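Read-outs throughout are calculated quantities, based only on the coordinates presented, and are distinct from any laboratory measurement. Note that the structure is a prediction, hence the values are computed from the model and not measured. Here the Cβ positions follow ideal geometry from the backbone for every residue, glycine too, while neighbour counts run over all protein chains shown.
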Amino acid sequence: MQILLVGAGLSGAVIGRFLAEAGHQCRIIDRRPHIGGNCHTRRDDETGVMMHVYGPHIFHTDDRQVWDYVNRFAEFLPYRNRVKTTVGNKVFSLPINLLTINQFFGKALRPDEARDFIASRADHSITDPVSFEEQALRFVGADLYEAFFKGYTEKQWGCSPRDLPASILKRLPVRFNYDDNYFFHRYQGMPRQGYTQMIQAILDHPGITVELNTDFSPDMSRQADHVFWSGPLDGFFDYRLGRLGYRTLDFERFTYDGDYQGCAVMNYGDRAVPYTRITEHKHFSPWEDHRHSVCYREYSRAAGPDDIPYYPIRLVREKALLEEYLTKARQTRGVTFVGRLGTYRYLDMDVTIRESMDTAQMFLTHLKNGKAIPAFLTDA
């Protein structure tokens, strides 16, 4: 079959490779001048540092099949994400752990003592947290909430934490030990030569053609037997019902002669600081040695029509509009919507790869059984 995949990021690459290996011809297009989507990495011309062009991407998963898959196409080296935050001119460790608690409150608590201490500061009058703010106050109290959650969240989401659902804090990031590894997954690492090289290796198959700087047009879908769409869900329908809300990021790049902050990610929790964090990219490749450094100050704001969408907002208005678009998508034949933009969800890289593998397998199974291909994996 002739398969068209819109988007040369992880979703398009993994699905395309899977189907090409099954004998299908896959045409992948992308409007950008490079592959990899927001995972795109490249060497900085000035410093030689491997840059995460659209912000940091750290690979972490408990899925052994996914871990084996990425290691098939790239050499992954161990990497642990150890985030720091600056609050009130002091530096603390994230996620909140025993060291953070002891530093912040000027104590030397043991784990059991720290549990009791935090519990004593929590707002137990909140029995069924509805908002982000209530969730935080219920479990850590006002002091830690004000310092580590409130200002950062206001900057990141552009609204009060009272307006965000409690589900954003599903697993409250508090540890009563000294473990400062930001993620808890079994497999964690970074590709030695960056994500773009890994995705290039995935795309390296005679059954795959890639066309960059290429916009999708309806004529393309008529020339294909099936389309996998990883662009914005509302964009497929020309935004006829309105635009789904996203947050986007602006990056202010600067260089430094030496080591600017001593870590890859430094958050800034104070509301008065306009940026959410500074990333120092040479620390994402600790096996490399660079004298000079390239850093990004990261600013979050509402995405406009011409901005790169990063984080789906998914508040009340967006959820209602999303349901309308999902209905239209399910009524559309010959198209499967994939990835974070195509399904309007925030997805980690490992989940994106897993869903792409499962979607491709679903496609082949339905094809073999003569069944209609659904618009979404979860409809299978």
Loop-located GluC sites (Glu not before Pro) in the range 1-94, at most 16 other Cβ atoms within 10 Å (DSSP): Glu46, Glu75
Principal-axis tilt of helix 64-73 within the chain, Cα atoms, nearest 10 degrees: 70 degrees
Residue among Gly106, Ser93, Ala122 farthest towards the positive dipole end of the range 61-125, charges placed on Cβ: Gly106
Cα-Cα P(r), the range 268-364, percent of pairs per 10 Å interval: 11, 27, 32, 19, 10, 1
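Taking 8 Å as the Cα distance limit and 6 or more residues as the minimum spacing, I'd like the relative contact order of the range 62-148 as a percentage.
This gives 16 percent for the range 62-148.
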Rounded to whole Hz, the Karplus (6.51, -1.76, 1.60) HN-Hα couplings of the range 42-47, x for glycine and proline: 7, 6, 6, 4, 7, 10
Angle between the chain longest axis and helix 349-368 axis [Cα atoms, degrees, rounded to 10]: 30 degrees
The chain - charge dipole about Cα centre, Lys and Arg +1 at Cβ, Asp and Glu -1, debye rounded to 20: 460 debye
DSSP loop chymotrypsin sites (Phe, Trp or Tyr not before Pro) with at most 14 other Cβ within 10 Å excluded, longest remaining stretch of the chain: 1-177
Selection of GluC sites (Glu not before Pro), the range 303-380, meeting DSSP coil and at most 10 other Cβ within 10 Å: none
Average projection area in nm² (convex hull over Cα atoms of the range 118-263, one quarter of hull surface): 15.7 nm²
Sites matching trypsin sites (Lys or Arg not before Pro) across the range 86-122 that sit in DSSP coil, with at most 13 neighbouring C-beta atoms within 10 Å: Lys107
Mean-position separation - Cα centroids, the range 322-354 and the range 149-204, in angstrom: 21 Å
Length added when fully stretched, Ser167-Gln223, from 0.36 nm per residue minus Cα-Cα: 15.9 nm
Lys, Arg +1 and Asp, Glu -1 on Cβ, resulting dipole of the range 275-380 about Cα centre, debye, nearest 20: 320 debye
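How large is the translational diffusion coefficient of the chain in µm² per second when you combine the Kirkwood radius over alpha carbon pairs with Stokes-Einstein at 20 °C and 1.002 mPa s?
Translational D for this selection: 95 µm²/s.
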Residue among Gly158, Gly7, Ala375 farthest towards the positive dipole end of the chain, charges placed on Cβ: Ala375
The range 97-169 pair-distance distribution - Cα-Cα, 10 Å bins, rounded %: 20, 48, 28, 4
Lys pairs, the chain - Cα-Cα below 27 angstrom, 8 or more residues apart or on other chains: 19
Residue-by-residue Karplus 3J(HN,Hα) for the range 135-151, coefficients 6.51, -1.76, 1.60, Hz, glycine and proline x: 4, 5, 4, 5, 9, 10, x, 5, 5, 5, 4, 4, 6, 10, 10, 5, x
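Multiply the residue gap between Phe117 and Lys319 by 0.36 nm, knock off their C-alpha separation, and tell me the result in nm, one decimal place.
68.9 nm
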Nearest-20 debye value, the range 42-89 charge dipole, Cβ charges on Lys, Arg, Asp, Glu: 180 debye
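Arrange the following residues from fewest to most other Cβ atoms within 10 Å of their Cβ: Ile278, Ile15.
Fewest to most other Cβ atoms nearby, the residues stand as Ile278, Ile15.
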